[in-house]
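**Q** One structure is given below, represented as structure tokens, and several questions about it will come after.
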Amino acid sequence: MFRQTLTQDFWNDIFNTLSEWIVNQMPAILLLIFLLFISLKFINILIRRLRKILIKHATKSPKYNTLEASKRINTLLGILKGLGNIIIWAVFIMTLLKKLGIDVGPILAGAGILGLAIGFGAQELVRDFISGFFILLENQVRAGDYAIINGTDGLIESIELRTITMRDLSGVVHVFQNGKVDRLSNMTKEWSAIILDIGVAYKEDVDHVMRIMQDVGEKMISDQNYKEKILEPLLIMGLNKFDDSAVVIRARLKTIPGEQWALGREYRKRLKKSFDEKGIEIPFPHTTVYWGEKINPLELNVKK
């Protein structure tokens, strides 16, 4: 009987304590969760508003290229949003622990010691963060750029302080640690260009061929579909080299970022049609059979 009464008193004390805690602390915890939700929403709204303001300012200013400014703004605001979310969650967790009656002082001290130990043991991680900081600071590459990183090319999908995420033309996603990026080539920063090596037969007049190439470039830049994408008239660099069966004329087409490949394909298509109309021969591989010195060449009787 005594044991039963003691057990009942024990559970009554627990229930009363729990009820008192719910009455006193639950409203504050619910308010804290509500403030967390509002803070995360506020960060999202603030980032969106800030992005619109900055892009609008970049559009009005003649000093900035709108596309380039948009890439940099999106990249930096993405990092800022991530840091803001981390800070909000950290404050929420610390405040929640305090409301639950847990002393956060020893936790913060332990976290500092643990962070120091991790810093010594994770030097590669620290190197990644430092490298990522300088990549962003120096504006080397932005989300939306097409780049070559360590020999792999693709579209940059996101840049974080630790990693760069890239998707190649096959859809494969590559993730690079910032500290291990040895070679970075940005193919779409500020402007792009494509080099065109055009081979024609040795019998063709090179000056005449270059005039045709220039004419095709002028017609293309006057086309409503392409004139906004081509930054400069086609640059004919001249006769570049002698191949086995062709002379190669080199040209360069300067475009807005990312459009060089599509415009290069369109230019080649138009040039092929123009060469066909003008009778310009584009050489193709062929083989000459040699029968030896003691065997006379085959004689073909051609009937007139």
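The values are calculated or read from the model by the stated rules, or taken from the named source; none is laboratory data. Keep in mind that this is a model prediction, so the values were computed, not measured. All Cβ positions, glycine included, derive from the backbone under ideal geometry; neighbour counts span all protein chains shown.
**Q** Got a sec? Which of 20, 68 is at pLDDT below 70 and within 26 Å of residue 161 (Cβ to Cβ)? Spell out the reasoning first.
**A** Details: 20 fails: within 26 Å of residue 161 (Cβ to Cβ).
Step by step, each of 20, 68 is checked, and only 68 is at pLDDT below 70 and within 26 Å of residue 161 (Cβ to Cβ).
**Q** Same structure, new question: How many of the residues making up the stretch 241-288 are aromatic (Phe, Trp, Tyr) and more than 33 Å from the chain's Cα centre (by Cα)?
**A** Our first condition is that a residue be aromatic (Phe, Trp, Tyr); within the stretch 241-288, this holds for 242, 261, 267, 275, 284.
Next, only the ones that are more than 33 Å from the chain's Cα centre (by Cα) stay: 242, 275, 284.
Counting residues in the stretch 241-288 that are aromatic (Phe, Trp, Tyr) and more than 33 Å from the chain's Cα centre (by Cα) gives 3.
**Q** With the condition kept exactly as written, say whether any residue in the stretch 35-49 is at pLDDT 80 or above, in contact with a Phe, Trp or Tyr (Cβ under 6 Å, 6 or more places away or on another chain) and more than 30 Å from residue 256 (Cβ to Cβ). Spell out the reasoning first.
**A** So the first thing to find is which residues in the stretch 35-49 are at pLDDT 80 or above, and the list is 35-49.
Those left that are additionally in contact with a Phe, Trp or Tyr (Cβ under 6 Å, 6 or more places away or on another chain): 36.
Checking the rest, the ones that are also more than 30 Å from residue 256 (Cβ to Cβ) come to 36.
Yes - at least one qualifying residue is present in the stretch 35-49.
**Q** Could we say that residue 280 is in a loop (DSSP other than H, G, I, E, B) and among the β-branched types (Val, Ile, Thr) here? Write out each step before concluding.
**A** Numbers: in a loop (DSSP other than H, G, I, E, B): yes; among the β-branched types (Val, Ile, Thr): yes.
In short, yes.
**Q** When only residues in the stretch 176-194 that are more than 16 Å from residue 153 (Cα to Cα) and out of contact with any strand residue (DSSP E or B) (no Cβ under 7 Å at 6 or more places or on another chain) count, which is modelled with the highest pLDDT?
**A** 179
**Q** Out of everything in the stretch 91-117 that is of a type in the set (Gly, Ala, Ser) and part of a helix (DSSP H, G or I), what residue ends up being modelled with the lowest pLDDT? Walk me through how you get there before you give the answer.
**A** Taking the stretch 91-117 as the starting set, the residues that turn out to be of a type in the set (Gly, Ala, Ser) are 101, 105, 109-112, 115, 117.
From what is left, the residues that are part of a helix (DSSP H, G or I) are 105, 109-112, 115, 117.
Values: 105: 65, 109: 63, 110: 61, 111: 61, 112: 62, 115: 62, 117: 54.
Restricting to residues being of a type in the set (Gly, Ala, Ser) and part of a helix (DSSP H, G or I), the top hit is 117.
**Q** Taking the stretch 122-167, which residues are of a type in the set (Lys, Arg) and more than 14 Å from residue 180 (Cα to Cα)?
**A** If the condition is that a residue be of a type in the set (Lys, Arg) and more than 14 Å from residue 180 (Cα to Cα), then 142, 167 are the ones that fit.
**Q** Where in the stretch 174-271 are the strands (runs of 3 or more DSSP E), entirely inside, with at least 1 residues that are in contact with a helix residue (DSSP H, G or I) (Cβ under 6 Å, 6 or more places away or on another chain) and hydroxyl-bearing (Ser, Thr, Tyr)? First the steps, then the outcome.
**A** Values: elements: 184-186, 192-200, 235-242, 247-255.
In the stretch 174-271, the matching strands (runs of 3 or more DSSP E) lie at 192-200, 247-255.
**Q** Let me ask you something else. Of the residues that make up the stretch 77-90, is at least one farther than 30 Å from residue 193 by Cα and modelled with pLDDT under 75?
**A** Checked the stretch 77-90: no residue is farther than 30 Å from residue 193 by Cα and modelled with pLDDT under 75.
**Q** With 133, 120 as the choices, which residue is at pLDDT 70 or above and among the aromatic types (Phe, Trp, Tyr)?
**A** Numbers: 120 fails: at pLDDT 70 or above.
Answer to the check: 133.
**Q** Mind checking whether some residue in the stretch 181-200 is more than 27 Å from residue 261 (Cβ to Cβ), over 11 Å from the mean Cα position of the chain (by Cα), among the basic types (Lys, Arg) and surrounded by fewer than 16 Cβ atoms within 10 Å (Cβ to Cβ)? Give the steps one after another, and end with the answer.
**A** Kept after step one, since they are more than 27 Å from residue 261 (Cβ to Cβ), are these residues of the stretch 181-200: none.
No, the stretch 181-200 contains no residue that is more than 27 Å from residue 261 (Cβ to Cβ), over 11 Å from the mean Cα position of the chain (by Cα), among the basic types (Lys, Arg) and surrounded by fewer than 16 Cβ atoms within 10 Å (Cβ to Cβ).
**Q** Okay, next question. Give the stretch 147-173 a look and list any residue that's surrounded by 16 or more Cβ atoms within 10 Å (Cβ to Cβ), in a strand (DSSP E or B) and of a type outside the set (S, T, N, Q), or say none.
**A** Answer for the stretch 147-173, where residues must be surrounded by 16 or more Cβ atoms within 10 Å (Cβ to Cβ), in a strand (DSSP E or B) and of a type outside the set (S, T, N, Q): 147, 149, 154, 155, 156, 159, 164, 166.
**Q** Farther than 25 Å from residue 142 by Cβ and in contact (Cβ under 8 Å) with a residue 60 or more places away in the chain: which single residue out of 216, 200, 206, 247 fits that description? Before you say what the answer is, go through the steps one by one.
**A** Details: 216 fails: in contact (Cβ under 8 Å) with a residue 60 or more places away in the chain; 206 fails: in contact (Cβ under 8 Å) with a residue 60 or more places away in the chain; 247 fails: in contact (Cβ under 8 Å) with a residue 60 or more places away in the chain.
Exactly one residue qualifies, and that residue is 200.
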